[in-house]
1. For HIS1 and ARG15 in one chain, what is 0.36 nm times their gap in residues minus the Cα-Cα distance, to one decimal in nm?
2. With contacts defined as alpha carbon pairs under 8 Å and 6 or more residues apart, what's the relative contact order of the chain in percent?
3. Could you pull out which residues in region 39-68 have an amide N less than 15 Å from a spot 7 Å beyond the Cα of ILE27, following the Cα-Cβ vector?
4. Mind listing the phi-derived Karplus ³J(HN,Hα) values for region 47-64, rounded to whole Hz, using 6.51, -1.76 and 1.60 with θ = phi - 60°, and x for any glycine or proline?
Amino acid sequence: HVPGSMNLPMGQLRRGAEDLKRLPRVILACQEGKRAVQAAEILESQGLTNVEVLEGGVKAWQAAGRSLAKTQYH
């Protein structure tokens, strides 16, 4: 994942929308960008205007030479 990012599953977007409205900027990313576009549509339907999508997703982030953080889940 992108360092400093937060993982919020698609199924929790509607519940988390109010908290996300408080942020100055919400940048959505998934592996290639397709689900991030879907997530943006969900959040925008909930009234968020601070939403952007990381074009090309995490793969493009890494291809540009930017670092990724690896989290192990137990």
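1. Details: separation 14, 0.36 × 14 = 5.04 nm, distance 2.18 nm.
Value of the extension gain: 2.9 nm.
2. 38 percent
3. Flagged as within label range: 50-68.
4. x, 6, 10, 9, 9, 9, 10, 6, 4, x, x, 5, 4, 5, 4, 5, 5, 7
No value in this document is a laboratory result; all are computed from the given coordinates. In this text, all values refer to a predicted model and were calculated from it rather than measured experimentally. Cβ coordinates were reconstructed from backbone atoms using ideal geometry, including for glycine residues, and neighbour counts include every protein chain displayed.
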